[in-house]
Amino acid sequence: MQVFKAFFKILNKNKLSMIIYMGIYLALTIVMTQSASESDTTDFSKVSMDIGVDNQDKGELGEALVEYLSKENNIKSIPKEREELLDTMYYREIQYVLVIPEDFTEKFIAGEREEALEGTVVPGNSTAFLAEMEINEFLKTLGMYVDGGFAPDKAAEQALLDMKKESHVEFLSREDAKEKPSAYYFFQYVPYIFLCIMLVSLSVVLMTFNDKDMDARNKCSSMSFFQRNLQMILGSIGIMLLEYVFFMVLAFVMYPDYMKSVAGVLSAVNALVYMLVCLSIAFFVGRLARNDGELNMIANVIGLSFSFLGGAFVPLEIMSESVKKVSKFVPSYWYVIANNDIWKMESIKDAGNIYKNFLMTGAFAVAVIAAAMVVNRLKARSA
């Protein structure tokens, strides 16, 4: 098992760079997982804003408008001094400034509603435009009652009652309302990490064996071509298992409850099958790359291409049908489909399609490793 032992000796010499890469990719995984988990929501809520209001109106309608805005927003007084007001807006202490003139009620009843209010949006703050939308919606409702002959106080009271009603959102399916666990995002981004790490670690070892003098020495040895490649495959599997176990232990530490469930076991199996794909690609690339520069370039191009096309970085739901057709020729597509099905399933009985996706991902691994062996044989004959 000389070749097998040589694999880990070479890896040990490059352990520092491997640890650095592992740390970088690990930090990237955690950051993306936390970011995606926090941004994913399954309900809708209104945005609360800091609104500065100067109500000079002597009638009932200005007071009703302020009451309406105060229910969902933080109402603040406007500084008297202009410089102080500008500073308050600059530091985003107030997102929207509303001035209600003293004759607002009179003009509104008389039908003079255009530019009846003085509103100022903090530049660059898109959220503040929601305040204008809320104001316009209330004024439209208020205007209907005023035009219908209601007294100002009754119109304000009825408009406030109407605006209390809220819309309720119902998801089209129960799965849409189900909150995704944090572990889902961890496994969602793992394909990119696995592929990059395997390419960087395994391919470095394989490139050493591709060295002209090393290759010539191996050919002169008594070991057959088959035995040498068999040990190289076993060494590659050994490196793969080390890296796979590292990330699965990490997942177990971060999400113990999930990993103990059926979904966690299936996610681990899904990751293992995809790791075999990464192994086959790294084995293929390692026999072709000639230096570290080429290796890093190939690792980033393949890693990012598979992640974007496969749906790891860009949700499959927003992809066009033509892009999805191309994505089916990328192994990460079937991994992501399986990952999506795993968190949605109610019981192990729903795992039928998941197993099919495992087989599709595994087929890619077999096809790539077969192509790598053919290329390896052709290179040996032409040398």
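Annotations for the structure displayed:
- Scanning the stretch 315-340 for residues being surrounded by 13 or more Cβ atoms within 10 Å (Cβ to Cβ) and more than 17 Å from G362 (Cα to Cα) gives a total of 5.
- All positions within the stretch 42-64 that are modelled with pLDDT of 85 or more and either out of contact with any helix residue (DSSP H, G or I) (no Cβ under 6 Å at 6 or more places or on another chain) or of a type in the set (V, I, T) (or both): D50, I51, G52, V53, D54, Q56, E63
- Of all residues in the stretch 224-240, those that are without any contact (Cβ under 8 Å) to a residue 60 or more places away in the chain and closer than 21 Å to N14 by Cβ have Cβ atoms under 6 Å from Cβ atoms of residues that are assigned to a helix (DSSP H, G or I) and open to solvent by less than 50 Å² (accessible area, probe 1.4 Å), 6 or more apart or on another chain, in M240/M275; M240/L279.
- One residue stands out among those in the stretch 312-334 that are assigned to a helix (DSSP H, G or I) and polar (S, T, N, Q): the one that is farthest from L359 (Cα to Cα), which is S322.
- Evaluation of A131 against (1) at pLDDT 85 or above; (2) buried (at least 18 other Cβ atoms within 10 Å of the Cβ) (one fails), failing number: (1)
- Hits in the stretch 254-281 (condition: loosely packed, with under 14 Cβ neighbours inside 10 Å and either touching a Phe, Trp or Tyr at 6+ places or on another chain (Cβ under 7 Å) or among the basic types (K, R) (or both)): K260
- Filter result for Y355 (open to solvent by 20 Å² or more (accessible area, probe 1.4 Å) and modelled with pLDDT of 90 or more): no
- Of the criteria (1) hydrophobic (A, V, I, L, M, F, W, C); (2) more than 16 Å from Q188 (Cα to Cα); (3) at pLDDT 90 or above, which one W334 fails: (2)
- The residue of the stretch 238-253 that is farthest from A27 (Cα to Cα), among those that are of a type outside the set (F, W, Y) and open to solvent by 60 Å² or more (accessible area, probe 1.4 Å), is L241.
The values are calculated or read from the model by the stated rules, or taken from the named source; none is laboratory data. Please read these numbers as outputs of a predicted model, since none were measured by experiment. Ideal geometry is used to build each Cβ from the backbone, glycine not excepted, and the neighbour counts take in all protein chains shown. Ligands, DNA and RNA are stripped out before the accessible areas are found, and what is left, the full protein with its side chains, is counted by its heavy atoms. Shrake-Rupley method; radii C 1.70, N 1.55, O 1.52, S 1.80 Å.
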